[in-house]
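What follows is a set of notes on a single structure, which appears directly below.
The values are calculated or read from the model by the stated rules, or taken from the named source; none is laboratory data. Source: prediction; values computed, not measured. With ideal geometry, Cβ positions are generated from the backbone for all residues, glycine too; neighbour counts draw on all protein chains shown. Side chains are part of the model used for accessible areas, which takes the heavy atoms of the whole protein and leaves out ligands, DNA and RNA. Shrake-Rupley method; radii C 1.70, N 1.55, O 1.52, S 1.80 Å.
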Amino acid sequence: MPPRTVSFPLPVERRKCLSEAAGKMSPTMAAAEAASPGCPAELLLQRLEAAGTGDEAGICSLETAAALGLEHQVLVGAVKSLQALGEVIEAEQRTSKKWELTPEGHEIVQEGSHEVRVFNSIPSEGLVQSELMKLPSGKVGFSKAMSNKWIRLDKNSEGGPRIFRVVEAVQDSVREKLLQVQHGEADSLEEKDKNELKKRKLLTEMTLKSYWIKKGTAFSTSVAKQETDLTPEMIASGSWRDLNFKAYNFEALGIMPESGHLHPLLKVRSQFRQIFLEMGFTEMPTNNFIESSFWNFDALFQPQQHPARDQHDTFFIKDPAEAIEFPMDYLKRVKKVHSQGGYGSQGYKYDWKLEEARKNLLRTHTTAVSARMLYQLAQQEKFTPAKYFSIDRVFRNETLDATHLAEFHQIEGVVADYGLTLGDLMGILKEFFTKLGITQLRFKPAYNPYTEPSMEVFSYHQGLRKWVEVGNSGVFRPEMLLPMGLPDGVSVIAWGLSLERPTMIKYSINNIRELVGHKVNLKMVYDSPLCRLDA
């Protein structure tokens, strides 16, 4: 069986057959389009056949499109469809520059430049400046006409400043230059003239992409349609032996399987978690979103009259409203250190109330989890040093804006050992932030109810060219640790930061509501790259 071919007889009446979608076809559709008689592909092959032979023989896609009366993009689609057939043609992409008139430039070609229109609107007796400025070309034309010394302004005229002509007639050189560009003679203009017209937004420089098309090694005006599928009928009849099959591209990527996508927060969280694990930390269980005020505040030596415990800062739970189980011996020691003092502290000297400590709430920080873990550590028969970390959600009654949410994530690290000092805290902070890629650190004294001394951590932001806060830290107070039962001499250093801020910096997100919440763009979640916190 001979190969199936499609000839191009090129009837004139079919030359109007355009295919505006040619440039957007799949290779199979493009091949079929190229083999359709009477369409741009056949017109292109006819022009290429007439171009002759030789290494330099070829045609320009822009000139060919203009000669055939086709849109250039339609002809580009025909080029791509023929390329899909193999070595029928060779196409080299070329780039050129072209000057074109802007809409304002076309207006000047029709009506004259602003300055000439202003000059022509001034009668021999002059025109009041306020009236001139009401004209459509008044402001721009007045400035240019004054610069050209075509007009003058008499500020002492009766009735207000008045404008008079200085010369009898003027030449509209701006319009003449634009006409040259419109007629395709932009090369005859000096570069400074073109730049001046561009500055006035009368001209714009366009980048044109075209193809230089030559005959390929398999050039023919009769192009065999390439088969893309091997069917059972072809195998049964044996016709596949005489067919021309499209070459299989073994390097083409397959269709991506449907799958889930990790949110940017989860990607950054996994990086932080890996850093803690590399430093030998153990992850704390943080699945307890609801906490009692005792573990969230009282165990941290935070007084019951502290502003953070007000309803405008904390979400309290209605049902169940109160916790009922506490380690009572420990609770009594906490009550005593608050109301009477102890362990070298005078306390806060107030009437500590159990009903206040029993109130349930959505935890405001993961330090409540740290308090539980340190209490469990203190119950061991023999103290062993420990390093804990957590990354999980916390809740605060915040006003929502571009940088604050009522629900966010807190990253916390805790180290308990004998003789730890502020120097140990600064050293471990430097190691931790170095692994995040943050090497320039500063520490500033701060205040926290449950740490003393306390420090804010600042890093130099190269993009913002200033120091920005990246975390908070401190040494837990004895009033918090000793009532738990930890031995004398054991110190606990801790630090924390949010997960959202580094994620926003990493993915260049300016509004936190674009990161989480109902306004999240799912396309951002699908397309967000992998997170790598480079050191």
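Quantify, in whole percent, the carbon and sulfur part of the accessible surface of region 60-179 (1.4 Å probe; protein heavy atoms only). The nonpolar share, carbon plus sulfur, comes to 47 percent.
Under the convention that each Lys and Arg Cβ holds +1 and each Asp and Glu Cβ holds -1, the size of the dipole of region 270-419 around its Cα centre is about 440 debye. Loop-located GluC sites (Glu not before Pro) across region 71-140 with a Cβ neighbour count of 15 or fewer within 10 Å are GLU71, GLU87, GLU125, with loop assigned by DSSP. Accessible surface ranking for TRP99, TRP467, 1.4 angstrom probe, highest first: TRP467, TRP99. Just how many % of Cα pairs in region 341-464 lie over 19 Å apart, if you round to the nearest whole percent? Pairs farther apart than 19 Å: 67 percent.
Probing with 1.4 Å while keeping every protein chain in the model, the per residue accessible area of region 210-272 equals 71 Å². Accessible surface for region 455-507, divided over its residues, is 40 Å² per residue with a 1.4 Å probe.
Computed about the Cα centre, the dipole magnitude for the chain is approximately 880 debye when only Lys and Arg (+1) and Asp and Glu (-1) carry charge, each at its Cβ. Each part reduced to its alpha carbon centroid, region 94-132 and region 138-208 end up 7 Å apart.
For ARG477, the residues whose amide H sits under 5 Å from its own are THR451, GLU452, ignoring neighbours fewer than 5 places away on the same chain, with H placed 1.01 Å from N. For region 117-230, the convex hull spanned by the alpha carbon atoms encloses 201 Å³ per residue. With all protein chains in place and a 1.4 Å probe, the accessible surface of region 365-465 carries 49 percent carbon and sulfur.
Taking all protein chains together, LYS134, LYS225 sort by accessible area into LYS134, LYS225, largest first [probe 1.4 Å].
Of the cross-linked pairs LYS139/LYS177; LYS435/LYS523; LYS98/LYS177; LYS97/LYS192; LYS98/LYS144, those separated by over 20 Å at the C-alpha level are LYS139/LYS177; LYS435/LYS523; LYS98/LYS144.
Its alpha carbons considered, the chain gives a radius of gyration followed by a Dmax of 39.4, 109 Å.
Computed from Cα positions, the angle between helix 72-83 and the longest principal axis of the chain comes to roughly 80 degrees. Using alpha carbons only, how many angstrom separate the centre of region 457-515 from the centre of region 274-339? Spelled out, the Cα-based centre of one part sits 19 Å from the other.
Taking the C-alpha atoms only, the angle from helix 173-182 to the longest principal axis of the chain is near 80 degrees. Legend: distances between Cα atoms for LYS80/LYS246; LYS267/LYS444; LYS215/LYS246; LYS199/LYS466; pairs beyond 26 Å are LYS267/LYS444; LYS199/LYS466. For the chain, adding -39500 (n - 2.57) for each run of n ≥ 4 DSSP H residues and dividing by the number of residues yields -9000 deg cm²/dmol at 222 nm. Give the lysines reachable from LYS349 as a straight Cα distance under 18 Å; neighbours fewer than 8 places away on the same chain don't count. By straight Cα distance, LYS349 reaches LYS332, LYS335, LYS336. If only the Cβ of Lys and Arg carry +1 and only the Cβ of Asp and Glu carry -1, the dipole of region 432-477 around its Cα centre is close to 160 debye.
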